[in-house]
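Participant: One structure, as structure tokens, below. Some questions next.
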Amino acid sequence: MQIPKQQERLGRGAGVLLPVASLPSQFGIGTLGREAYQFIDFLQAAGQRYWQVLPLGPTSYGDSPYQSFSAFAGNPYFIDLETLVQEGLLTWEEVSAPDWGDNPTKIDYAQIYQNRFRILRRAFIRSSHRETEEYQNFCKRNQDWLEDYSFYMAVKMHFGAQEWLKWPEEIRTCQPAALQSFRKNLLQDIEFWKFCQFKFSEQWFKLKAYANERGISIIGDIPIYVSLDSADVWRHPSLFQLDKKRQPTMVAGVPPDSFSQTGQLWGNPLYNWDEMGKDGFVWWKKRMAFSAKLYDIVRVDHFIGIVRYYAIPYGSLTAQNGEWCRGPGAALIRAISAVMGDSKIIAEDLGCVVPEVEELREAAGYPGMKILEFAFDSGSENLNLPCHYSQNSVVYGGTHDNETLVGFFRHQPLRSLHFACDYLHVRKKKDLPAACIRAAYASVADTAVIQMQDLLGLGNEARTNFPSTIGTNWRWRLLPNQLTDELSVKMHDLSELYARLPSAVQEKQLCAEEKCPKAAAENRKV
């Protein structure tokens, strides 16, 4: 059977990579409130078409959005408290009293964990949402995952936030009598977690509608794997590679490479692809259908794992002793294609790409990714150089896992720096970050996405994540005064120069020039 091909490409445009958590706010972490709407206004004024966010799920130990308690739920940290004040569920005194952290450029997750849920519980107690038609419809639409997630979180908090593998045997293995007892005793807590998801959903879809009305499409991000400490694994153990005691047998990661001598040990449980295939990948269909509603474009992280995946024995201290196994390939892509609707997919195909991966991506019509930070270390044949791009691709300076462009070029070997300067037509190393951004915009790739930190010219102090480390990642925050009119004009000019303006903006601009050609000429001169 042929793979249904994604017919429409993303369309020529530019966008910004900025996690919701990194937005400015007075509550310690970015939210779906006023500053998010202002950022969308900034993107529109800057001639952008896309806002790429990282996964939106609730984060666990290590604060990584790629290790979430659910493949479906939204992060309660992103619920905007100012909106809850406007709804009469909280007071300004209540939301201002907690210590949300003393550094506006860094997220203090410990403070947020200590204070956020206490504040949200006050809103929950005062809310009359349970009687509303909106809430009842929300629960019906999402019952496949909402019940499991809310129950899981209630039990987890009952046991002091321990991972489910450390729970008592009867509830860890989901024995019917234990499930019934815990549901009865934790009913109020279960309702609280449902309330959090209702409010997240309500605020997210209002924000998404606002973005779409202004010509901004949301690029979402889903990790290929789910966290071991998640509702998905607890309630659906047969879908994962677990033993009779529900311990993982093999876990995910990537082998040693030039970036890591010991590889990357992610620790996620691997899918039991044979079991998933028996019902036509129903769990994946539900996940992708949900993502297709949440986002306009879905970036599938580690797309390579669909073709082949690296399996590491559970308990290993590094990723050195794993083995390659065959994934579901085209069978999963066919299942996914059936539920995507108008939403599109980006395949994160970075890493060791074998021919089968490229063939599958091209057969599905998904754009792949190019990273300019990977482009200058091996001469003119490097496929990350813009001269080798195809239109159906997405180019980045770097992603959330990379250094900032400024930080990257500070320590590259002379050979790579000379080649980068020659290729990008600059004389000085300090000009390379801006030249990379220009090269991304100028390239034939349909879509150019640049990290906010790189547009601001920040160094590695603003880096989002350093893979395989824990403790200092996912903390960088944008300051309100960094989104200047000067930056907006600069980004708009690049989009205009390289034909990346949204079509509606181009049409409006052409109409204005037809009415007043003299003013248009003066604007171009300036």
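The values are calculated or read from the model by the stated rules, or taken from the named source; none is laboratory data. Please read these numbers as outputs of a predicted model, since none were measured by experiment. Note: ideal-geometry Cβ built from the backbone for every residue, glycine included; neighbour counts use all protein chains shown.
Participant: Is one or more of the residues making up region 427-450 of a type in the set (Phe, Trp, Tyr), more than 22 Å from ASP63 (Cβ to Cβ) and either surrounded by fewer than 15 Cβ atoms within 10 Å (Cβ to Cβ) or in contact (Cβ under 8 Å) with a residue 60 or more places away in the chain (or both)?
Facilitator: Applying the first criterion (of a type in the set (Phe, Trp, Tyr)) to region 427-450 yields 441.
From the residues that got through so far, the ones that are more than 22 Å from ASP63 (Cβ to Cβ) too are 441.
So of that shortlist, the ones also either surrounded by fewer than 15 Cβ atoms within 10 Å (Cβ to Cβ) or in contact (Cβ under 8 Å) with a residue 60 or more places away in the chain (or both) come out as 441.
Looking through region 427-450, at least one residue is of a type in the set (Phe, Trp, Tyr), more than 22 Å from ASP63 (Cβ to Cβ) and either surrounded by fewer than 15 Cβ atoms within 10 Å (Cβ to Cβ) or in contact (Cβ under 8 Å) with a residue 60 or more places away in the chain (or both).
Participant: Answer yes or no as to whether PRO55 is at pLDDT 95 or above, within 23 Å of ARG477 (Cβ to Cβ) and out of contact with any Cys (no Cβ under 8 Å at 6 or more places or on another chain). Spell out the reasoning first.
Facilitator: Numbers: at pLDDT 95 or above: yes; within 23 Å of ARG477 (Cβ to Cβ): yes; out of contact with any Cys (no Cβ under 8 Å at 6 or more places or on another chain): yes.
Yes, satisfied.
Participant: Consider ALA154 carefully, then state whether it is out of contact with any strand residue (DSSP E or B) (no Cβ under 8 Å at 6 or more places or on another chain), under 30 Å from SER22 (Cβ atoms), at pLDDT 95 or above and among the small types (Gly, Ala, Ser).
Facilitator: Numbers: out of contact with any strand residue (DSSP E or B) (no Cβ under 8 Å at 6 or more places or on another chain): yes; under 30 Å from SER22 (Cβ atoms): yes; at pLDDT 95 or above: yes; among the small types (Gly, Ala, Ser): yes.
Answer is yes for this residue.
Participant: Give the residue that is surrounded by the most Cβ atoms within 10 Å (Cβ to Cβ), with candidates limited to residues of region 133-166 that are among the aromatic types (Phe, Trp, Tyr) and within 19 Å of LEU228 (Cβ to Cβ). Full working, then the answer.
Facilitator: First, the residues of region 133-166 that are among the aromatic types (Phe, Trp, Tyr): 135, 138, 145, 149, 151-152, 159, 164.
Now narrow it down to the ones that are within 19 Å of LEU228 (Cβ to Cβ): 145, 149, 151-152, 159, 164.
Numbers: TRP145: 20, TYR149: 27, PHE151: 22, TYR152: 23, PHE159: 14, TRP164: 22.
Once the filter is applied, the top-ranked residue is TYR149.
Participant: Related question: If you take the residues in region 241-258 that are among the small types (Gly, Ala, Ser) and in contact (Cβ under 8 Å) with a residue 40 or more places away in the chain, which one is surrounded by the most Cβ atoms within 10 Å (Cβ to Cβ)?
Facilitator: So the first thing to find is which residues in region 241-258 are among the small types (Gly, Ala, Ser), and the list is 252-253, 258.
Imposing the further condition that a residue be in contact (Cβ under 8 Å) with a residue 40 or more places away in the chain reduces the set to 252-253.
On the way: ALA252: 27, GLY253: 25.
Here the answer is ALA252.
Participant: Scan region 124-132 and give yes if some residue there is in a helix (DSSP H, G or I), of a type in the set (S, T, N, Q), surrounded by fewer than 17 Cβ atoms within 10 Å (Cβ to Cβ) and free of Cβ contacts under 8 Å to residues at least 40 places away in the same chain, otherwise no. Working first, answer last.
Facilitator: The initial filter retains those residues of region 124-132 that are in a helix (DSSP H, G or I), namely 124-126, 129-131.
From the residues that got through so far, the ones that are of a type in the set (S, T, N, Q) too are none.
For region 124-132, residues in a helix (DSSP H, G or I), of a type in the set (S, T, N, Q), surrounded by fewer than 17 Cβ atoms within 10 Å (Cβ to Cβ) and free of Cβ contacts under 8 Å to residues at least 40 places away in the same chain: absent.
Participant: Run GLU134 past the list (1) acidic (Asp, Glu); (2) closer than 30 Å to LEU494 by Cβ; (3) over 23 Å from the mean Cα position of the chain (by Cα) and report the number of the one that doesn't hold.
Facilitator: Every listed condition holds for GLU134 apart from (2).
Participant: Sticking with this structure for a sec: With the condition kept exactly as written, say whether any residue in region 166-174 is over 32 Å from the mean Cα position of the chain (by Cα) and either in a loop (DSSP other than H, G, I, E, B) or among the aliphatic types (A, V, I, L, M) (or both).
Facilitator: At the first step, the residues of region 166-174 found to be over 32 Å from the mean Cα position of the chain (by Cα) are 168-170.
When the remaining residues are screened for being either in a loop (DSSP other than H, G, I, E, B) or among the aliphatic types (A, V, I, L, M) (or both), the result is 168.
The answer is yes; a qualifying residue exists.
Conditions (1) crowded, with 23+ Cβ neighbours inside 10 Å; (2) not hydrophobic (A, V, I, L, M, F, W, C), marked per residue:
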position: GLN188; (1), (2): no, yes
position: GLU202; (1), (2): no, yes
position: LEU207; (1), (2): no, no
position: TYR210; (1), (2): no, yes
position: ILE218; (1), (2): no, no
position: ALA231; (1), (2): yes, no
position: LEU239; (1), (2): no, no
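Participant: Quick one: in region 63-107, which of the residues that are small (Gly, Ala, Ser) and not in a loop (DSSP other than H, G, I, E, B) is nearest to the chain's Cα centre (by Cα)?
Facilitator: Residues of region 63-107 small (Gly, Ala, Ser): 64, 68, 70-71, 73-74, 88, 96-97, 101.
Going one step further and asking which of them are not in a loop (DSSP other than H, G, I, E, B), we end up with 68, 96.
Details: SER68: 12, SER96: 29 Å.
Out of the qualifying residues, it is SER68.
Participant: With the requirement that a residue be more than 18 Å from the chain's Cα centre (by Cα), assigned to a loop (DSSP other than H, G, I, E, B) and over 30 Å from LEU120 (Cα atoms), what does region 1-31 give you?
Facilitator: Once the filter is applied, which keeps residues that are more than 18 Å from the chain's Cα centre (by Cα), assigned to a loop (DSSP other than H, G, I, E, B) and over 30 Å from LEU120 (Cα atoms), region 1-31 yields MET1, GLN2, ILE3, PRO4, LYS5, GLN6, GLN7, GLU8, ARG9, GLY11, ARG12.
Participant: Out of all the residues in region 260-295, which are outside any helix (DSSP H, G or I) and either touching a helix residue (DSSP H, G or I) at 6+ places or on another chain (Cβ under 7 Å) or free of Cβ contacts under 8 Å to residues at least 24 places away in the same chain (or both)?
Facilitator: So the first thing to find is which residues in region 260-295 are outside any helix (DSSP H, G or I), and the list is 260-272, 279-281, 295.
The answer is GLN261, PRO269, TYR271, ASN272, ASP279, GLY280, PHE281.
Participant: Which of the numbered conditions does GLU381 fail, given that it passes all the others? Conditions: (1) in a helix (DSSP H, G or I); (2) loosely packed, with under 15 Cβ neighbours inside 10 Å; (3) of a type in the set (D, E, K, R).
Facilitator: Among (1) in a helix (DSSP H, G or I); (2) loosely packed, with under 15 Cβ neighbours inside 10 Å; (3) of a type in the set (D, E, K, R), GLU381 violates only (1).
Residues checked against (1) touching a strand residue (DSSP E or B) at 6+ places or on another chain (Cβ under 8 Å); (2) more than 29 Å from PRO19 (Cα to Cα); (3) of a type in the set (S, T, N, Q):
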| position | (1), (2), (3) |
| --- | --- |
| ARG361 | yes, no, no |
| ALA375 | no, no, no |
| SER390 | no, no, yes |
| SER393 | yes, no, yes |
| TYR441 | yes, no, no |
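Participant: Another one. Can you name every residue in region 299-329 that is on the phi < 0 side of the Ramachandran plot, touching a helix residue (DSSP H, G or I) at 6+ places or on another chain (Cβ under 9 Å) and assigned to a loop (DSSP other than H, G, I, E, B)?
Facilitator: The answer is PHE303, GLY327, PRO328.
Participant: Still on this structure: For region 97-116, give me each residue that is without any contact (Cβ under 8 Å) to a residue 40 or more places away in the chain and surrounded by fewer than 16 Cβ atoms within 10 Å (Cβ to Cβ).
Facilitator: ALA97, ASP99, ASP102, ASN103, ALA110, TYR113, GLN114
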